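This report refers to the structure that appears directly beneath it.
The values are calculated or read from the model by the stated rules, or taken from the named source; none is laboratory data. Predicted model only: the values in this text are computed from it and were never measured. Note that we place each Cβ from the backbone using ideal geometry, even for glycine, and neighbour counts take in every protein chain shown.
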Amino acid sequence: MLGIPLFCRRLPACPLRAGGATVGFGFIFASGCATTAGSASYETAQVEYQRSAQQGSQGSQSTRDDTAAGLKANVLDRGAYVRAVLERNPTVESARQGWRAALARVKGSGSHEDPMIDFGFAPLSIGSSEARFGYEVGISQRLPWFGKRGFEASAAEAEANASKSDYEAMKRDLALSAVVLYDQYFIAVRSIEINAHHVELVHAIRDAAAAQFRTGRASVQDPLQAETQLAHLEHDAATLASQRDVTVAQMNELLHRAPGLPLPPPPAELVMPAIPGSGETDHLQSDAIAHRSEITAAHQRAQGAQARAAGADRQSYPDVTVSTSYSSMWDMPEHRWMVGVGLSLPILTGRRAGASDEAQAMHAQFEAEASRMTAAARTQVFVAVNKLRESEQVIGIFEKRLVPLAHAQLDAARAGFTASQNPFMAVMEAENNLRSVELDYQIARAECDRRTAELERALGRIPGLDAQQDKP
């Protein structure tokens, strides 16, 4: 006997003729082609994937169009940069293809095995003068017990949904990385500008010290001290420029561009976000639990494990094999055509019990992971909101007190030195303090921006984009 798999797409409704009797096996072929790929949820998932793939294709076509992406504007907008990263970064396409692979597994799950054609012949009857050529041909189809294919399809569909959730979570993580680099870029550029301003300021202070020295109202150490400070500022300028270039290279890496390509400067000021009120924390925590993709993926994988456990239990039911055959070697024509039914004997329980226990353990594991991530989401939202409120207070202190006081202190020190009321060291200390306060103020603004992005990520949104645009 030769066993040959028969693919249903190649033999539609192929009848078997047996001594004048015709038996249609179209029902077997149709049953063998059965699949869950036509379900409503699968079709919806396919539409969502196609929409995402189309957006990815548009992003790849515009990869070199930096002008359209806002990468050659006068100012680099944060939202434009994050959007460009999500369109161009290969990590997004990698996750999208993982989602596609999971959908492909859904397409093939829950279907019957291919029908089998069997053919055999009697070799000694070939060319025999005493007997006619003898042969036997048959076809069979294995039919799983009711429900087995459904559990397999449910497990595959749950895994596909989890892959989609992983894809969404990856985009949010990538967007958060982009925002962090953007804030570092803002700090680097603002620090260079502050350093350049203080170079001019120390030049003016040095000239004033030299004038005081010429009139005999200052020592020779005062201009030298100013020169030393200028040398330190030049050193800092080189370091800051290197940090800026490194940050630009890292930002270009996320954009899938050459590291040396330039980027527009960041804006002079970062927009101050709306700070959630004290009564909004509970609502935000509930919102985070409902929209966090990681939690959703864990629940979906738990559903898939539950379906696999139910499918493993269903394996204790026998499968049915229906078959028909025709043998030319029976003398009586009525015996040549045969129809048969076979049942599997699921009496060896070890493999099924192990598969069921494994699936139940995986279900419990994923549910526990979902519970852990739910608690973590609440904490992350609580921490992010409190950190954001802290940033608001810190920025207010800088704007209302520290920055004005540092300017006033330097003005008073310079006036006092000119009037010989305080030493030159007081001027340099006031200049150093002003520079430190201005740098810390810009860092505080960037820190507030980063904490805003962390809150958006904790809420299940895409950081750096508006709420209307945070859908992947």
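Within the span defined as the stretch 338-357, one or more residues are over 19 Å from SER293 (Cα atoms), surrounded by 17 or more Cβ atoms within 10 Å (Cβ to Cβ) and out of contact with any Pro (no Cβ under 6 Å at 6 or more places or on another chain). The lone criterion from (1) over 20 Å from ALA453 (Cβ atoms); (2) among the β-branched types (Val, Ile, Thr); (3) surrounded by 19 or more Cβ atoms within 10 Å (Cβ to Cβ) left unmet by VAL248 is number (1).
Exactly one residue out of MET329, MET251 is modelled with pLDDT of 95 or more and of a type outside the set (Lys, Arg), and it is MET251.
Do you know which of the residues in the stretch 61-78 that are surrounded by 15 or more Cβ atoms within 10 Å (Cβ to Cβ) and small (Gly, Ala, Ser) is modelled with the lowest pLDDT?
Step by step, filter the stretch 61-78, then rank; the result is SER62.
Applying a threshold of 6 Å to beta carbon distances and a minimum spacing of six or more residues, or different chains, the list of pairs starting in the stretch 251-277 at a residue that is within 18 Å of ASP183 (Cα to Cα) and ending at one that is of a type in the set (Gly, Ala, Ser) and part of a loop (DSSP other than H, G, I, E, B) reads PRO264/ALA73.
Going by what's in this entry, would GLY396 be described as closer than 27 Å to VAL271 by Cβ, free of Cβ contacts under 8 Å to residues at least 24 places away in the same chain and either touching a helix residue (DSSP H, G or I) at 6+ places or on another chain (Cβ under 8 Å) or not β-branched (Val, Ile, Thr) (or both)? Steps first, answer last, please.
Numbers: closer than 27 Å to VAL271 by Cβ: yes; free of Cβ contacts under 8 Å to residues at least 24 places away in the same chain: yes; either touching a helix residue (DSSP H, G or I) at 6+ places or on another chain (Cβ under 8 Å) or not β-branched (Val, Ile, Thr) (or both): yes.
Criteria met by GLY396.
Based on what the data block shows, is SER177 in a helix (DSSP H, G or I) and among the hydroxyl-bearing types (Ser, Thr, Tyr)? Taking the combined requirement at face value, the residue satisfies it.
Identify, from the list PHE186, PHE121, the residue that is of a type in the set (A, V, I, L, M, F, W, C), surrounded by fewer than 18 Cβ atoms within 10 Å (Cβ to Cβ) and modelled with pLDDT of 90 or more.
PHE121
Looking only at residues that are among the hydroxyl-bearing types (Ser, Thr, Tyr) and closer than 24 Å to ASN422 by Cβ in the stretch 192-248, which one is modelled with the highest pLDDT? Once the filter is applied, the top-ranked residue is THR228.
Restricting attention to the stretch 230-286, the residues that are hydrophobic (A, V, I, L, M, F, W, C) and assigned to a loop (DSSP other than H, G, I, E, B) add up to 10.
Name the single residue, out of those in the stretch 81-118 being part of a loop (DSSP other than H, G, I, E, B) and touching a strand residue (DSSP E or B) at 6+ places or on another chain (Cβ under 8 Å), that is modelled with the lowest pLDDT. Applying the filter and picking the extreme gives HIS112.
Conditions tested, residue by residue: (1) free of Cβ contacts under 8 Å to residues at least 24 places away in the same chain; (2) buried (at least 19 other Cβ atoms within 10 Å of the Cβ); (3) polar (S, T, N, Q).
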position: GLU159; (1), (2), (3): no, yes, no
position: ASP173; (1), (2), (3): no, no, no
position: LEU176; (1), (2), (3): no, yes, no
position: SER191; (1), (2), (3): no, yes, yes
position: HIS203; (1), (2), (3): no, no, no
position: THR215; (1), (2), (3): yes, no, yes
position: VAL220; (1), (2), (3): yes, no, no
position: ALA226; (1), (2), (3): no, yes, no
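When ARG445 is tested against (1) over 30 Å from TYR167 (Cβ atoms); (2) basic (Lys, Arg); (3) in a loop (DSSP other than H, G, I, E, B), just one condition goes unmet, and that condition is (3).
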